[in-house]
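> Here you go, one structure.
The values are calculated or read from the model by the stated rules, or taken from the named source; none is laboratory data. Note that this is a predicted model, so its numbers are computed, not measured. Neighbour counts run over all protein chains shown; Cβ positions are idealised from the backbone, glycine included.
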Amino acid sequence: MDKARINASIARAKVYIDTLTVDSDVNVPETVVADEHKFFTWDNEKRTPSEKPYLFDWSYYNGVVMEGLFDITEAGGDEEGTYLDYVCRYLDALIVTGEDGKKHISRNLGGYVDHHGADCYKTAALLVRASDGEDDYMEVCRELYRDLTDEKYVNSTGHIVPKDYTEAALGHNYWHSWAHDKAPKYKVWLDGIYMLQPFIAHFAAMTGDKKQLALVNERLSWVASTLLAPDGMYYHAANSASDVCPFHWTRAMGWYGMAMVDVMEVLPEAYLEERKAALKLFVDGMLKYQKPEGLWTNVADWPTTDTNRLETSGTAMIVYTILKGVRNGWLDESYKEAAVRGFVAMAELKIRGDHLEDIYLKASANNTNNYELPEYYLADEGKGAGPFIMAYSEMLYL
């Protein structure tokens with residue numbers, strides 16, 4: 001592809017990202033976090049403690065936006081430290097000193113609880129990455145990691161999470177949700193793999209926890225074999241190979257792809273050949289369904305229609321997965337072209353004015369077709385804006 005066209009797409013993306021985040025008069029981290037009636041403009045679910053006692057400003061759809069900005073910093077695109085400052089202001093606004101004198105995620109401001117499920121822990125991966133190992137971020141990470149992995153820790157509802165909400169038959173994967181002690185219809189979702197495994201892997205690598213690193217690899221291996229469909233793609237969710245939610249939702253598969261490459265950067269060498277093979281299989285399966293425009297539809301194996309649109313969040317995740325895989329030598333250089341084409345297509349076709357469009361809000365893994373609701377295609381939704389920023393950061397490495 002023409003280099004000038006690529007550079008123009010990168011520049012266009014930067015303007016969008018800055019307008020949404022660091023240059024915004026509305027999306028001011030400490031102001032939004034401190035007021036339960038204020039929300040980031042990309043937070044289209046707007047969950048509050050009174051309505052849903054979890055997530056709130058501490059959420060994966062805010063976390064992926066912030067993690068994307070952190071990625072820009074690591075990619076060398078933050079010479080003045082503007083993005084890093086923005087990220088740290090968000091994290092710092094959520095951390096308080098408890099009565100025990102220790103640092104915690106504020107349950108008031110963050111809405112974090114230790115009995116909800118996978119979604120509550122995604123942003124913790126950013127805390128690990130931003131930490132120097134001895135700071136407030138690390139202190140909070142220790143608490144969150146304990147919640148998920150300590151087989152002696154009894155949580156606020158009287159449960160031990162790694163004993164009560166993981167199963168050997170599921171490759172020791174966690175249930176996607178464990179609120180109210182009730183498993184969802186499908187216990188393992190591709191979404192949940194991304195919400196938990198990068199955090200666990202990065203913290204385990206930092207602290208030398210070989211047991212958890214082995215479990216992370218086992219969990220990914222279970223997904224790679226159990227949720228793989230005959231057409232080379234993956235089911236949204238499953239309880240076993242014969243009990244699956246049969247939709248190939250591109251964003252769900254994108255979460256899984258991002259989980260793989262984010263985990264692989266810290267996994268021991270002994271596991272990498274298996275993971276590289278799984279990554280290649282995943283990407284090969286996805287590339288069969290890349291549309292001529294360079295994008296993927298919301299349900300990847302269905303044709304493009306007004307209700308199954310060329311969708312931004314899933315496309316951004318696939319682009320990020322491929323580019324990071326190539327950059328680290330886990331995928332051949334020949335894969336790069338398809339990813340660059342996908343990024344350019346997003347910049348040219350989906351950035352309209354100040355907005356990134358056609359991001360699908362959500363879809364439940366319940367065996368109903370809730371993947372084609374026209375009202376769910378939104379602009380600037382965090383679950384798409386965040387991965388788009390991550391994809392942009394990978395383009396910077398080029």
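> Which one is farthest from Val96 (Cα to Cα) among residues in region 17-51 that are under 20 Å from the mean Cα position of the chain (by Cα) and outside any loop (DSSP other than H, G, I, E, B)?
Ile17
> Restricted to region 51-101, and to residues that are closer than 21 Å to Ala316 by Cα and either among the hydroxyl-bearing types (Ser, Thr, Tyr) or modelled with pLDDT under 95 (or both), which residue is surrounded by the fewest Cβ atoms within 10 Å (Cβ to Cβ)?
Residue satisfying both the conditions and the ranking: Thr73.
> Next question. Inspect all residues belonging to region 250-270 and state whether any of them is within 23 Å of Leu213 (Cβ to Cβ), surrounded by 19 or more Cβ atoms within 10 Å (Cβ to Cβ) and small (Gly, Ala, Ser). Steps first, please.
Step one: of region 250-270, the residues within 23 Å of Leu213 (Cβ to Cβ) are 255-270.
Next, from what is left, pick out any that are surrounded by 19 or more Cβ atoms within 10 Å (Cβ to Cβ): 255-264, 267.
From what is left, the residues that are small (Gly, Ala, Ser) are 257, 259.
Yes, the conditions are met somewhere in region 250-270.
> Another one. Considering Thr31, Thr21, Thr48, which residue is at negative phi, buried (at least 16 other Cβ atoms within 10 Å of the Cβ) and of a type in the set (S, T, N, Q)?
On the way: Thr31 fails: buried (at least 16 other Cβ atoms within 10 Å of the Cβ); Thr48 fails: buried (at least 16 other Cβ atoms within 10 Å of the Cβ).
Exactly one residue qualifies, and that residue is Thr21.
Residues are listed down the side, and each one gets a yes or a no for (1) over 24 Å from Ser50 (Cβ atoms); (2) of a type in the set (A, V, I, L, M); (3) touching a residue at least 12 places away in the same chain (Cβ under 8 Å):
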position	(1), (2), (3)
Ile105	no, yes, yes
Asn108	no, no, yes
Tyr112	no, no, yes
Ala118	no, yes, yes
Thr123	no, no, yes
Val128	yes, yes, yes
Lys152	yes, no, no
Thr166	yes, no, no
Trp178	no, no, yes
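> For region 173-207, enumerate the residues that are more than 19 Å from the chain's Cα centre (by Cα) and of a type in the set (D, E, K, R).
Across region 173-207, the qualifying residues are Asp181, Lys182, Lys185.
> Do you know which residues across region 255-281 are assigned to a helix (DSSP H, G or I) and of a type in the set (D, E, K, R)?
Keep residues of region 255-281 that are assigned to a helix (DSSP H, G or I), which gives 255-264, 269-281.
Answer for region 255-281, where residues must be assigned to a helix (DSSP H, G or I) and of a type in the set (D, E, K, R): Asp262, Glu269, Glu273, Glu274, Arg275, Lys276, Lys280.
> Just a yes or no: is a residue in region 169-191 of a type outside the set (Val, Ile, Thr), in contact with a helix residue (DSSP H, G or I) (Cβ under 8 Å, 6 or more places away or on another chain), buried (at least 24 other Cβ atoms within 10 Å of the Cβ) and in a helix (DSSP H, G or I)?
Yes, some residue in region 169-191 is of a type outside the set (Val, Ile, Thr), in contact with a helix residue (DSSP H, G or I) (Cβ under 8 Å, 6 or more places away or on another chain), buried (at least 24 other Cβ atoms within 10 Å of the Cβ) and in a helix (DSSP H, G or I).
> Do we have any residue at all in region 90-106 that's touching a Pro at 6+ places or on another chain (Cβ under 8 Å), of a type in the set (Phe, Trp, Tyr) and not in a loop (DSSP other than H, G, I, E, B)? Let's see the steps before the verdict.
Within region 90-106, the first condition is being touching a Pro at 6+ places or on another chain (Cβ under 8 Å), and the residues that meet it are 90, 93.
Add one more test, that the residue is of a type in the set (Phe, Trp, Tyr), and what stays is 90.
Applying the additional criterion that residues be not in a loop (DSSP other than H, G, I, E, B) yields 90.
Yes; the residues of region 90-106 include at least one that is touching a Pro at 6+ places or on another chain (Cβ under 8 Å), of a type in the set (Phe, Trp, Tyr) and not in a loop (DSSP other than H, G, I, E, B).
> Can you tell me which residue among Tyr61, Tyr54 is touching a residue at least 12 places away in the same chain (Cβ under 8 Å) and part of a loop (DSSP other than H, G, I, E, B)? Outline the logic, then answer.
Values: Tyr61 fails: part of a loop (DSSP other than H, G, I, E, B).
Tyr54 is the lone residue from the list that is touching a residue at least 12 places away in the same chain (Cβ under 8 Å) and part of a loop (DSSP other than H, G, I, E, B).
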